[in-house]
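All remarks here apply to the structure that follows.
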């Protein structure tokens, strides 16, 4: 299965934003499924049960799965601006919940859109972005003499070393970007005259 490079939220983040005495508390958090998102929304609503609104939006994968809720705010003034903030960030597999405590001053439709959009954007920015690429996970065995040169080649391709075992031979499990895989295989064959056999065992998304 080929997996594209995607942006994910680096860290869970929570911010507070005040607009005309209304307090907006925005949480940005990574989710891997709708079930995850719905469970976090449920917990958040329980925590802030006394809030005026608990607005949310989430986006999974390439954006084909996305949901939002205005939670009784005027239609189009809350959930959609939060979802648009997520789309603008380019981040996937993320949930943003914006809790509002009404401060007694009406914001109007435009004011609500700005407040929810700003709150969501601030939380996403605070969380930061981690870029995940598609990696091939490989295993190989080599002699101790060949191992003297192998780490330098792995480092030149920014390989992620998962495990190294020093047994009768050296056994290494590592990951390399799918984009660099063909060139890496050629380099290994040239450098070791076919003595090192690479075995593809998995693919995954990973971040350096």
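Derivation of every value follows stated rules applied to the coordinates shown; laboratory data play no part. Being a predicted model, the structure only gives us computed values, none of them experimental. Here the Cβ positions follow ideal geometry from the backbone for every residue, glycine too, while neighbour counts run over all protein chains shown.
For the chain, what is the calculated [θ] at 222 nm in deg cm²/dmol (nearest 500), taking -39500 (n - 2.57) for each run of four or more DSSP H residues and dividing by its residue count?
-10000 deg cm²/dmol
Could you give the length gained by full extension between residue 178 and residue 130, i.e. 0.36 nm per residue of separation minus their alpha carbon distance, to one decimal place?
Gain in length upon complete extension: 15.5 nm.
Using 0.36 nm per residue, how much length does the chain from residue 165 to residue 5 gain when fully extended, once their Cα-Cα distance is taken away?
54.6 nm
Which one of 193, 57, 72 has the biggest mean-square fluctuation once the chain is modelled by GNM with Cα springs under 10 Å?
Comparing 193, 57, 72 in a Gaussian network model of the chain, the most mobile one is 193.
What ranking of 80, 88 emerges when the number of other C-beta atoms within 10 Å of each C-beta is taken as an exposure proxy, fewest first?
Starting with the residue having the fewest Cβ neighbours, the order is 88, 80.
At a Förster distance of 45 Å, what's the computed FRET efficiency of residue 46 paired with residue 145, Cβ-Cβ distance as r, to 0.05?
After rounding to 0.05, the efficiency reads 0.15.
Using alpha carbon centroids, what distance separates the range 48-107 and the range 129-176, in Å?
Value for the Cα centre distance between the two parts: 43 Å.
May I ask for log10 I(q)/I(0) of the range 134-206 at q = 0.14, 0.18, 0.19, 0.28 Å⁻¹, from a Debye sum over the Cα atoms as equal point scatterers with solvent left out?
-0.38, -0.64, -0.71, -1.58
Could you line up 100, 149, 114 from fewest to most neighbouring Cβ atoms inside 10 Å?
Ranking 100, 149, 114 by Cβ neighbours within 10 Å, fewest first, gives 149, 114, 100.
How do 70, 36, 50 rank when sorted from fewest to most other Cβ atoms within 10 Å of their own Cβ?
Taking fewest neighbouring Cβ atoms as first place, the list is 50, 36, 70.
Between residue 75 and residue 200, with labels modelled 7 Å along Cα→Cβ, what's the label distance in nm to one decimal, could you check?
Spacing of the two 7 Å Cα→Cβ label points: 4.9 nm.
Give the residues of the range 65-103 whose amide nitrogen is closer than 19 Å to a point set 7 Å from the Cα of residue 207 in the direction of its Cβ.
Backbone N within reach: 85-97.
Just to verify a number: FRET efficiency for residue 185 and residue 67, C-beta to C-beta distance, R0 = 35 Å, to 0.05?
Working from the Cβ atoms, E equals 0.25.
Of the listed values (i) 106; (ii) 155; (iii) 132, grab the one calculated as volume of the Cα convex hull per residue in Å³ from the structure here.
It is the value labelled (iii).
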